[in-house]
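Asker: Here's a structure for you.
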Amino acid sequence: MKVDIVTPEGALFSGEVDSIVVPGVNGSFEMLNNHAPIIAVLQKGDVRLKGQGILIDNELKDKFEIKQGEVILPINSGTVEMKNNNVIILAE
Amino acid sequence: MANLKDIRTRIQSVGSTMQITNAMKMVSAAKLKKAQDAIEKMRPYAEKLTELLAGLSANLDAELGGDYAAQREVEKVLLVPITSNRGLCGALNTNIIKQTIRLVENDYQNKEVEILTIGKKAHDQLSKKYKVVANHSNIFDDLTYENVAQVAQKIMDEFVEKKYDKVVLIYNSFKNAATQIVKTEQFLPIKPEASGSNVVLDYLYEPSQAEIVLELIPKSLKTQFYKAIRDAWASEHGARMTSMHKATDNAKEMKADLTLQYNKARQAVITGEILEIVSGAEALKG
């Protein structure tokens with residue numbers, strides 16, 4: 001599935017991943033391919049991207065953390081929308 | 001005819017002014033490019049947010065918007081003029097200040113008006129005459145979403161606390177380097193939008209739909225505020241670039257005029273000298 005992470009100051013990530021974990025206000029949850037359409041509010045926490053060959057812009061590398069095959073992005077708050085295997089995260 | 005030395009000094013000083021204005025033009029052009037890029041980068045976020053919000057509120061019947069949409073009898077108004085910190089950018093700041101004064105004197109004549117300035121120029125001009133409650137000029141020193149959001153949040157809190165009944169932004173909207181348009185935009189309360197879109201997709205919502213809307217509205221307000229400031233920032237550099245370009249052109253013209261004058265004066269001196277020599281020689285012959 002395709003994930004886009006955008007902030008008011010620009011796009012942070014755009015690419016294919018296998019799964020994504022987001023910090024929902026009612027607890028973290030994971031989304032896999034063909035997840036039902038969802039809109040959720042996110043709280044302060046980590047967005048975790050899992051997959052093969054996730055590429056991150058060199059300029060933005062210091063915002064991400066890479067640990068055991070996961071790419072982690074801490075956010076303050078945000079919103080996630082998933083439909084038709086397209087995930088868009090509006091992060092702050 | 002002015003003497004040669006005077007003209008030479010003036011040519012030199014016009015020349016160095018020209019160098020300065022030309023350098024300022026280059027600097028502004030570079031900054032303008034950056035400012036435009038930032039607006040461009042913000043667009044995907046702003047568009048998605050608007051789309052989400054429109055889709056969500058279209059599916060809800062109830063009056064939404066929470067505290068930020070409260071329409072009250074307008075008694076206390078907060079005006080937020082956004083100008084630059086520095087001058088030499090044409091009529092840019094004057095337009096904003098004029099519009100602010102016009103609003104205070106005409107539109108909100110019988111209301112209690114307070115002003116929150118962003119940009120030193122507005123603060124310098126308006127604080128002499130009107131009630132300026134706060135000044136956030138330093139926002140331009142480090143223009144990040146986070147900093148802007150803090151100011152926006154404060155204004156939003158004050159609106160909710162009923163300190164103000166209406167908040168209006170006055171800023172220059174960037175059209176191109178030569179054209180900036182003064183915009184007067186109602187920030188709060190939120191104007192109820194005509195819900196037209198009917199994209200009914202079967203979404204799961206977490207938490208409820210109404211709660212998500214309440215969560216998104218402050219974000220969209222902050223984005224609106226951020227956009228206004230970004231716009232003003234780009235306008236400033238655009239206007240400065242244009243006015244410095246004009247100044248350089250004027251200096252060039254002036255230098256050409258002065259050079260012509262200088263050459264004429266020099267020629268007159270030479271002609272005078274030749275005349276003296278020739279008539280001296282004639283006198284010796286005679």
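Asker: With chain B treated as a Gaussian network of Cα nodes joined by springs under 10 Å, which of B:Gly272, B:Gly66, B:Gly119 yields the largest mean-square fluctuation?
Answerer: Highest fluctuation among the options: B:Gly272.
Asker: Between B:Glu146 and B:Ala178, with labels modelled 7 Å along Cα→Cβ, what's the label distance in nm to one decimal, could you check?
Answerer: Distance between the two pseudo-spin positions: 4.1 nm.
Asker: Moving on to the next point. If one takes the longest principal axis of the Cα atoms in chain B, at what angle in degrees, from 0 to 90 and to the nearest 10, does the Cα axis of helix B:209-285 lie?
Answerer: 0
Asker: Another question about this same structure. Just how many pairs of Lys in chain A have C-alpha atoms closer than 15 Å, counting pairs that are eight or more places apart or on different chains?
Answerer: 4
Asker: Something else about it: Count, for each residue of B:223-232, the Cβ atoms from other chains sitting within 10 Å of its Cβ, then give me the mean as a whole number.
Answerer: Per-residue shielding by partner chains comes out at 1.
Asker: Let me ask something else about it. Report, in debye and to the nearest 20, how large the dipole of the protein assembly as shown comes out about its Cα centre when Lys and Arg carry +1 and Asp and Glu carry -1 on their Cβ.
Answerer: Once rounded to the nearest 20, the dipole reads 2040 debye.
Asker: Which one of B:Asn106, B:Val132, B:Gly119 is farthest out on the positive end of the charge dipole of the range B:79-148, using unit charges on Cβ (Lys, Arg +1; Asp, Glu -1) and the Cα centre as origin?
Answerer: The residue sitting farthest along the positive end of the dipole is B:Asn106.
Asker: To the nearest 10 degrees, how steep is helix B:145-160 against the longest Cα principal axis of chain B, on a 0 to 90 scale?
Answerer: 50
Asker: Taking the Cα of B:Asn250, stepping 7 Å toward and past its beta carbon, and measuring to each backbone N in the range B:9-27: which are under 20 Å?
Answerer: B:10-27
Asker: Give the calculated FRET efficiency between B:Glu112 and B:Asp67 to the nearest 0.05, with a Förster radius of 22 Å applied to their Cβ-Cβ distance.
Answerer: In this case the efficiency is close to 0.60.
Asker: Pull out the extension gain between B:Thr94 and B:Lys162, defined as 0.36 nm times the separation in residues minus the alpha carbon to alpha carbon distance; nm, one decimal.
Answerer: Gain in length upon complete extension: 21.4 nm.
Asker: Hey, fewest Cβ within 10 Å first, where do B:Thr179, B:Thr184, A:Thr79 land in order?
Answerer: B:Thr179, B:Thr184, A:Thr79
Asker: Once you charge only the Cβ atoms, +1 for Lys and Arg and -1 for Asp and Glu, what is the size of the charge dipole of the range A:2-91 about its Cα centre, to the nearest 20 debye?
Answerer: The calculation lands at about 180 debye.
Asker: From the alpha carbon gyration tensor of chain A, can you work out the equivalent ellipsoid semi-axes (sqrt of 5 times each eigenvalue) and give them in Å, largest to smallest?
Answerer: 18, 15, 13
Asker: Binning at 20 angstrom from zero up to the longest distance, how are the C-alpha pair distances of the protein assembly as shown distributed in percent?
Answerer: Distribution as computed: 23, 42, 22, 9, 4, 1 percent.
Asker: Using a Gaussian network for chain A with springs between C-alpha atoms less than 10 Å apart, which of these wobbles most: A:Gly78, A:Gly69, A:Gly45?
Answerer: Of A:Gly78, A:Gly69, A:Gly45, the most mobile in the Gaussian network model is A:Gly69.
Asker: Tell me, what is the FRET efficiency for B:Leu4 and B:Ala29 to the nearest 0.05, using R0 = 45 angstrom and their Cβ-Cβ distance as r?
Answerer: According to the calculation, E is roughly 0.75.
Asker: Treat the range A:1-43 as a sphere of radius equal to its Kirkwood radius over Cα pairs and apply Stokes-Einstein at 37 °C in a medium of 0.692 mPa s; give the translational diffusion coefficient in µm²/s, rounded to a whole number.
Answerer: Calculated translational D: 285 µm²/s.
Asker: Going by average Cβ neighbours within 10 Å, how do the peptides B:253-259, B:275-281 rank, with the highest at the top?
Answerer: B:253-259, B:275-281
Asker: Using alpha carbons only, how many degrees (0 to 90, rounded to 10) separate the axis of helix B:92-102 from the longest principal axis of chain B?
Answerer: Roughly 50 degrees between the two axes.
Asker: Evaluate peptide A:25-32: per residue, the Cβ atoms of other protein chains within 10 Å of its Cβ; return the mean as an integer.
Answerer: Counting Cβ atoms of other protein chains within 10 Å of each residue's Cβ and averaging gives 1.
Asker: Given only helices, namely DSSP H runs of n ≥ 4 each adding -39500 (n - 2.57), what is the per-residue ellipticity at 222 nm of chain B, to the nearest 500 deg cm²/dmol?
Answerer: Estimated from H runs of four or more residues: -21500 deg cm²/dmol.
Asker: As a test, work out the antiparallel percent of DSSP beta bridges whose residues both lie in the protein assembly as shown, rounded to the nearest 5.
Answerer: Approximately 70 percent, going by the DSSP bridge assignments.
Asker: Can you pull the mean other chain C-beta count within 10 Å for peptide A:2-9?
Answerer: So the per-residue partner count for this stretch is 6.
Asker: With a ≥ b ≥ c taken as the square roots of the eigenvalues of the C-alpha gyration tensor of the range B:1-142, please select rounded if a/c is under 1.5 and otherwise prolate if a/b is larger than b/c or oblate if it is not?
Answerer: oblate
Asker: Sticking with this one: For chain B, modelled as a Gaussian network with Cα springs under 10 Å, which listed residue fluctuates most, B:Glu273, B:Glu75, B:Glu40?
Answerer: Highest fluctuation of the listed residues: B:Glu273.
Asker: Going down the table (B:Lys120/B:Lys154; B:Lys76/B:Lys222; B:Lys120/B:Lys252; B:Lys34/B:Lys191), which pairs top 23 Å between alpha carbons?
Answerer: Long pairs (Cα-Cα over 23 Å): B:Lys120/B:Lys252; B:Lys34/B:Lys191.
Asker: So for each of B:45-51, A:31-37 I average, over its residues, the number of other beta carbons within 10 Å; can you give me the resulting order with the highest mean first?
Answerer: The most tightly packed comes first, giving B:45-51, A:31-37.
Throughout, read-outs are computed from the coordinates displayed, never taken from laboratory work. Everything numeric here is computed off the predicted structure, so don't read it as measured data. Glycine also receives a Cβ, built like all others from the backbone with ideal geometry; neighbour counts cover every protein chain displayed.
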